[in-house]
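Undergrad: Before anything else, here's the structure in question.
The values are calculated or read from the model by the stated rules, or taken from the named source; none is laboratory data. Here the structure is a predicted model, which is why all the values come from computation and not from measurement. Every residue, glycine as well, gets a Cβ built from its backbone with ideal geometry; the counts of neighbours run over all protein chains shown. Just so you know, the surface numbers come from the protein's heavy atoms only, side chains and all, with ligands and any DNA or RNA stripped out. Shrake-Rupley method; radii C 1.70, N 1.55, O 1.52, S 1.80 Å.
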Protein chains: 2
Amino acid sequence: MGAVKSKRMPRAVREQQMLDAAVRTFGQRGYMAASMDEIAELAGVSKPLVYLYLNSKEDLFTACIRREAAALTAAIRVGVRTDQPADRQLWDGLLAFFTHTAQNPDGWSVLHLQARIHGEAFAGEVAAMREEIVAFVTQLIVVAAREAHRDPDLAEREVAGLAEALVGAAESLAAWANATPGVTARQAAATLMNFAWAGLGNLMEGRPWAPPAA
Amino acid sequence: MGAVKSKRMPRAVREQQMLDAAVRTFGQRGYMAASMDEIAELAGVSKPLVYLYLNSKEDLFTACIRREAAALTAAIRVGVRTDQPADRQLWDGLLAFFTHTAQNPDGWSVLHLQARIHGEAFAGEVAAMREEIVAFVTQLIVVAAREAHRDPDLAEREVAGLAEALVGAAESLAAWANATPGVTARQAAATLMNFAWAGLGNLMEGRPWAPPAA
């Protein structure tokens, strides 16, 4: 809206460039090995400007985690249309997740790997994102079970466990897919859908697997 | 065999007592908050003796990770009898895993949580254990697929992905089960078996889930 001078880049734009450079550097070289010098250089700004905008390496890393977490959860929410049948919602959600993590391997490395191994403060940031995704998946399963008219038979605790299992499987598979040449997002999503859907589908139809006697 | 003096405890026994105390302290209070003082006190030995035997806090933590990792993989291997049908092997393996993690919540906290968030050296120790478990599960799925005579149709890469998904789901579910009052090992194992088996079972019989057109 008008008054931004053409020669000076708005602070928000510069900050995003710094975060782009930081995510790439943290994701590829690791939190410890990454230096503020190389992040500033990659962003095309001076190191003092990085400190002026983002305060410290810790704060810069925290900002990276928050931005990447928000982008990932947004990608999943946008991918899922809640007017679709349950299996289609799950497929769309998985495809959105694996597409996003494949297209943003450095962001995924920051979230899944780097943020988890460098202390409790960073790990807590990721845990908050994870809880949001688990809640989203739980809701998806609850609605699907209700549609299948098995709601009373699929206990709330069971659904919470299923959501934890699904999210853990997706995290593990995304790390593997990104580390394995030639595995596409669609293949990873199909593998997990195959793994998960027939099981979940049977459960919702009231056909649980029967354990042998204790 | 004979010459151990009754008043002096063998070094190996003392070391195990120190590791017991360390796993409990690291698991419950976290790696950073745990002090060598409280570990020595809990073990009933002097702090210098802990340093004499285990060298440093880092080395003590590494020893804890290695002991707990070996105990967990051993529990799974002992639980699975390879002369059983595939679904029984999977069930026995899951039950052994969830029983062990439920009975050793501090050990699981060390492996799944503490060892992952305090730097790359500790995380690498856990990654090695994880690779061993993934390889074990992969082999289980390969043999099961061969038994179902679908071996050529279930590609090696697909099996590797399924094993990653299953291990990730199990890790996630074990953390949830230990943090959720009233969830038994048997319930957690049944939840994952339900989630996984119908899906895997269908896959092995050559009935994959069909994704919608791209």
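Undergrad: Kindly compute the accessible surface that chains A and B hide from a 1.4 Å probe when together, both sides summed, and give it to the nearest 100 Å². Show your work: numbers first, answer last.
TA: Values: alone 12180 and 12140 Å², together 20440 Å².
Accessible area lost upon association: around 3900 Å².
Undergrad: Along the Cα→Cβ direction, 7 angstrom out, place labels at B:Ala74 and B:Ala12. What is the inter-label distance in nm?
TA: 1.1
Undergrad: Continuing with the same structure: Kindly give the distances from A:Val13 to its copy-mates, label point to label point, with each label point 7 Å from Cα along Cα→Cβ, as nm values to one decimal ordered shortest first.
TA: Counterpart label points of A:Val13 in the remaining copies fall at 7.4 nm.
Undergrad: How much of the accessible area of the range B:65-204, probe 1.4 Å, is carbon plus sulfur, in whole percent? Could you put the intermediate results ahead of the total?
TA: Values: 3050 of 5470 Å².
Using a 1.4 Å probe with all protein chains present, the range B:65-204 comes out at 56 percent carbon and sulfur.
Undergrad: OK, next. Under 9 Å from the Cβ of B:Ala115, count the other residues' Cβ atoms, weight Lys and Arg +1, Asp and Glu -1, and hand me the total.
TA: On the way: positive: B:Arg116; negative: B:Glu68, B:Glu125.
Residues close to B:Ala115 contribute a combined charge of -1.
Undergrad: Turning to a different aspect of this structure: Considering the range A:64-204, what Rg and Dmax in Å follow from its alpha-carbon atoms?
TA: 15.0, 45
Undergrad: Gap in Å between the Cα centre of the range B:173-192 and the Cα centre of the range A:112-131?
TA: About 22 Å separates the Cα centre of the range A:112-131 from the one of the range B:173-192.
Undergrad: Now, a different point. Estimate the FRET efficiency between B:Ala135 and A:Ser46 by the formula 1/(1 + (r/R0)^6), using the beta-carbon distance for r and 51 Å for R0, to the nearest 0.05.
TA: According to the calculation, E is roughly 0.60.
Undergrad: Provide an ascending nm list, one decimal, of label-point separations from B:Val143 to the equivalent residue in each further copy; define each label point as 7 Å from Cα along Cα→Cβ.
TA: 4.3
Undergrad: Then there is this: Hey, for A:Gly44 with labels 7 Å out along Cα-Cβ, what do the inter-copy distances come to in nm, ordered shortest first?
TA: Spelled out, the distances from A:Gly44's label point are 6.8 nm.
Undergrad: Ignoring ligands, DNA and RNA, what accessible area per residue does the range B:65-204 give at 1.4 Å, in Å²? List each step's numbers first, then the result.
TA: Working: 5470 Å² over 140 residues.
Here the per-residue accessible area is 39 Å².
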